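Every number here is computed from the coordinates shown, using simple stated rules; none is lab data. In this text, all values refer to a predicted model and were calculated from it rather than measured experimentally. When we count neighbours, we look across all protein chains shown, and the Cβ atoms used for this are built from the backbone with ideal geometry, even at glycine.
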Protein chains: 2
Amino acid sequence: MSSLQGNLLVAQSGGPTPVINASLAGVIAEALNHEDEIVEIYGGMNGIQGVLHEELIDLTQETQQTLRALLHTPGAALGTCRYKVKKSEDFDRILQVFEAHNIRFFHYIGGNDSQDTAAKIAALAQERGYELRVVGVPKTIDNDLPITDHCPGFGSVAKHLAITVREMSLDNAAMGQNDFVSILEVMGRNAGWLAASTVLAHRKEKGDHSKSQSPSTQYGCTAPHIVLLPEVPFNSDAFLARVEEVLKGNTHCFVVVSEGVQDAAGNYLGADTSSTDAFGHAVLGGAGEYLRSLVEGRFDGVKARASKLGIAQRAASHNASKTDVDEAYLCGQAAVKAALNGSTGQMVTLVRSGKEPYGVTTHLEPLANIANGVKAFPEKFIGEDRMSIHPDFVRYALPLIQGELQIPYDQGLPKYAQLSAKRVARKLEKYETA
Amino acid sequence: MSSLQGNLLVAQSGGPTPVINASLAGVIAEALNHEDEIVEIYGGMNGIQGVLHEELIDLTQETQQTLRALLHTPGAALGTCRYKVKKSEDFDRILQVFEAHNIRFFHYIGGNDSQDTAAKIAALAQERGYELRVVGVPKTIDNDLPITDHCPGFGSVAKHLAITVREMSLDNAAMGQNDFVSILEVMGRNAGWLAASTVLAHRKEKGDHSKSQSPSTQYGCTAPHIVLLPEVPFNSDAFLARVEEVLKGNTHCFVVVSEGVQDAAGNYLGADTSSTDAFGHAVLGGAGEYLRSLVEGRFDGVKARASKLGIAQRAASHNASKTDVDEAYLCGQAAVKAALNGSTGQMVTLVRSGKEPYGVTTHLEPLANIANGVKAFPEKFIGEDRMSIHPDFVRYALPLIQGELQIPYDQGLPKYAQLSAKRVARKLEKYETA
C-alpha cells in the first residue's frame, strides 16, 4: 500500500442532479477519516474551470450541519461547468495547479464527458511522473453511463416523475371528461431510462382508470398508457392509433414522451427550427407540445394538455429517493477509499447484489471504459408494441426509488446547505481559458 | 333554530386542487357528529353531473383510514365536472333527485361557476317550497374568489411553486453560465396570485445570485427576478430591457410568467386561440415558450429554457401546505355547521384575524356575491416596475404556505385514499344531459 500524503480536490461537473451534493458529502466525510494521508480537503469551483482559474475553497472549514444539509440540497454546491478541456495548455495548467497546491487525490463527480477529462488528467500526471490518484464518482439523471448497474441521480428523478404521473393521473381521472390526452415531456437526452421510469407509477390495487370505474375507486393506476422512447423512432400513425385505442377503454390517455424522441429521419419532435421575429407567433417548443397539437389536430373533440417540467425535474430534491441519496454518498466515500488504496484512472461503479433484498456494492472500472460511452435503454426492456415498458424494467428500477428524506423546513420552504466557501490563497498567475 | 332532518349531499367541482379532498373530509367528519339531523351522508359523483344522473355513493361506509388519507390525496375523490347547468330541465331534475333521496343539506366544493350553480339550486328550492340548506365550500388554486381573504388550494400550489423556483434557481446558479434565462410558466387563469406567490422563494440570508458570489454561497435567493402578471399588459420592449438589466448583475435571470398574460391588444402570449373549454374560457398555455423564443431571438449568446408544470402544479399534494389543508378541512366543517344552524344560499369564507400570529375564522357570504365574481391581483401588490411584487404581498401570502404533511409511502410512492364508493340505489328513471 502506497503511503501517499497530500491534499484532496473534489469538483462537480455537468447538469446537477438531486444527489450530486450527497456524493460531495460522501467524499468529504470519508476524507476527514484519513488525516494522516489527506491533509487538506479542497473544492474546485465550477468544475474544471475552477481548477484552471485556481478557484479553490477549503472544505474542512464547513460545519457538520452544512455537510448534513448537502444530502437534500439541489443544484451543485461547488458549481459545475460544461467546459470541455481540449487544449494541451489547459491540461498543463491543471497539473500546475495540482502541483502548486500539492493535490494528490482528485475526485470528479460527473458524467461521461467529465470522466473523459479525469482520465486525461490521470494519464498526463503519470506521463509527467506526478503522483496523483484520480478516482471518479458517477453522476447523471439520464442513467446512461456504461458498466455501472445504475447512476446516482437517476433514482431520485425517477421517483419524482413517478409521483408526478400518479398525481397528474388522479387529477385527469377526477375531471370526468372522456377523450382527454395528458402529455408529460421528460428529460433523459438520447436515452429512455427516465421516460421508462414513469411506469413505476403503475399500481395494481383494485380500481383502475377504465370507463367502468368511478374516479373514487381509482387508487390503482394504469398511467402512463404510452411511453415514447428515444430508442424507438417515432411513427405518428402508430402513435395516434394507440391513443385512439387507449381512449376506447379509459377516460384519459396518459402519454410520456422523452425529449430525445426522433422521427425516422432523425429529427427531434418539435425541435425549435425558428428564428421568429420578436412579435411573430412563437414556434411550439418540444416534443410534448408537438404531440399535443398532433393529437388535437387528428381527433375531433379530443383535448390534450402538455406539461414539461424541464429543469424542475432534476432539481426536485424534495422528492429524492433515500436509496439514491445513500448510494450517491457511498460512491463518494468509495472513491476516496479507492484512491487511498492506490487506485487511479478509475471510476466507482454500482454493482447490484443480485439477491433479495436489493443491495449494492461498489466496484472500480477504468475511466477509459466509461468515458464517452452511452448505455441506451436496452431492447429487452422495451414492450412488444414499442410504446410500453417490459415488467422486467420495473423489477430493475423499483428498488431505486425506495425511501424518503426528512427535510428541515424554514418559513415554509426546505432549508438548504450554504457553504461558507473559504477561498484557498492563490499561488499562481491568472490564466485565461478559451 | 330549525330542526330539519334529512340526508346530506356533498360534491366537488371544477379543477382539482391539492386540498379539495381535505374539504370533503371536513364535511364528512362534521356531518358524522350530527346523526340526529343528518341521517345519511352521500357523495355526488363528478359534481352536478352525478346528481343529474343519480350517481350517488354512501360516504358513511368509508373507513376512518380512508377519510384521513383524503388529507393528502390529489385529484378529487368524488370526481368533478365542468358541466354548466343552464337548462331549466336540469334544475328540475336536480330537485327531483334531492326529493327522491331526501337531500336537505347540499355542499358544493368549488369555484365561482360552481357557487353560481349552488345559488340557483338554493333559489329554486325556496321557490318550490322544498326545504334545503345550501352552503358552499370555496376552492380554487387561482385565489380569485371575491370577499374571502384567500381560497383553499392557493396556499398549497403557492408553496409548491416557491419550492420549485428555489430548486430550479439553485440548479441555474450551479451551472455557472452567464446569460441564462430560466422561464417558469404557472397557472392562475386571469389572476396573478399564483405567479406572484413565486416571490415567496426569495430569501435574504447571506449570499445571492449576483456575479460576485460563488454558487456555494447562494443560500440567499433573488429568483424570480421578473414576474409577469395577467393584470399588467405585456410590453415586450420593457420586458427585454429588464431581462438585460438583470443579466448585468446576475448569472441568470429567472422569469415567472402567468398563463393569463396578454398583450395590449388582449391576445394571450402564445395562446392557442382556436379552442375554449365548456365555460367559454380560452385555453391558455404557450406563454413560457413564447418568451423563450422572444429572448433567444433578441439576445445573441443568451440561452433560455422554459418549464411548464401544467396540471402537475395543482396535483402536487406531496408539497401541500399544512395550513392550507387545515383550512380546507375547516371550511368543510363550517359549511355543515352553518347549514345545521339554518343558513342557506351562503358560501363559507375565510377571514384573517388581523393579529399576530396568523389565524383565521370562517364567515358566511351570500352565494350571489361570490358567483361569477373574480378578485384580480390587486394594484397595491404590484411593484413599481410592473414586473415585480410588493413586499406587502409576502406578508399576506407567507402564512399560507406554512407547515408540511406527514405522508405515508408505499413502495416508494405516496399512499392515497381509495374510496370504496358504495352506490346508493337509484330511485328515478335515467336522465339525459345535453
Kindly express, to the nearest 10 degrees and within the range 0 to 90, the angle between helix B:20-32's C-alpha long axis and the longest C-alpha principal axis of chain B. 30 degrees
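Summing Lys, Arg as +1 and Asp, Glu as -1, what charge do residues with Cβ under 11 Å from the Cβ of residue A:52 carry, residue A:52 excluded?
Values: positive: A:87, A:93, A:430; negative: A:54, A:55, A:89, A:90, A:92, A:432.
Taking every Cβ under 11 Å from that of residue A:52, the sum is -3.
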Computed helical MRE - 222 nm, chain B, DSSP H runs ≥ 4 contributing -39500 (n - 2.57), nearest 500: -9500 deg cm²/dmol
List, in order, the whole-Hz ³J(HN,Hα) value for each residue of the stretch B:40-57 obtained from phi through the Karplus relation with A = 6.51, B = -1.76, C = 1.60 and θ = phi - 60°; use x for Gly and Pro. 10, 10, 9, x, x, 7, 6, x, 5, 4, x, 5, 4, 8, 6, 9, 10, 10
List the aspartates and glutamates whose Cα sits under 12 Å from the Cα of residue B:337, skipping any in the same chain fewer than 8 residues away. B:30, B:37
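In cubic angstrom, how much convex hull volume per residue do the alpha carbon atoms of the protein assembly as shown span?
Details: hull volume 137.4 nm³, N = 868.
Cα convex hull per residue, to the nearest whole number: 158 Å³.
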Can you give me the P(r) profile for chain A? Cα pairs, bins 10 angstrom wide beginning at 0, each as a whole percent. 5, 21, 28, 22, 15, 7, 2, 0
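Using a 10 Å cut-off around each Cβ of peptide B:65-73, what is the average number of partner chain Cβ atoms that fall inside?
What the average comes to for B:65-73 is 1.
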For each of A:255, A:243, count neighbouring Cβ atoms within 10 Å of the residue's Cβ, then give the residues from fewest to most. A:243, A:255
HN-Hα J couplings of the stretch B:132-140 from phi, Karplus 6.51/-1.76/1.60, θ = phi - 60°, integer Hz, Gly and Pro as x? 8, 10, 10, 10, x, 10, x, 7, 5
Given a cut-off of under 8 Å on Cα pairs at least six residues apart, what relative contact order in percent is computed for chain A? 24 percent
Cα-Cα over 20 Å: which of A:204/B:308; A:139/B:159; A:84/B:303; A:87/A:120? A:204/B:308; A:139/B:159
Ranking of B:318, B:107 by count of other Cβ atoms within 10 Å, fewest first: B:318, B:107
Give the average, rounded to an integer, of partner chain Cβ atoms located within 10 angstrom of each Cβ in B:286-292. 5
Using amide H atoms built in the peptide plane, which far-off residues or other-chain residues are under 5 Å from residue B:228 H to H? B:256, B:257, B:258
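Please list the equivalent ellipsoid semi-axes of the stretch B:18-138, computed as the square roots of five times the alpha-carbon gyration tensor eigenvalues, in descending order and whole angstrom.
Numbers: eigenvalues 108, 57, 30 Å².
With the √(5λ) rule applied to the stretch B:18-138, the semi-axes are 23, 17, 12 Å.
P(r) tail for the stretch A:69-110, what percent of Cα pairs lie past 12 Å? Spell out each step's value before the answer.
On the way: 625 of 861 pairs.
More than 12 Å apart: 73 percent of the Cα pairs in the stretch A:69-110.
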Would you mind telling me the antiparallel percentage of the DSSP bridges in chain B, rounded to 5? 35 percent
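R0 = 56 Å: FRET efficiency of residue B:99 with residue B:263, Cβ-based, nearest 0.05?
Details: r = 51 Å, r/R0 = 0.91.
Once rounded, the FRET efficiency stands at 0.65.
So if R0 is 51 Å, what FRET efficiency would residue A:415 and residue A:87 give, r being the distance between their Cβ atoms, rounded to the nearest 0.05?
Numbers: r = 42 Å, r/R0 = 0.82.
So, using R0 = 51 Å, E works out to roughly 0.75.
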Convex hull over the alpha-carbon atoms of the stretch A:29-82: what's its volume per residue in Å³? 88 Å³
Amide H neighbours of residue B:234 under 5 Å, counting only residues 5+ apart in sequence or on other chains, H built in-plane at 1.01 Å? B:262, B:263, B:264
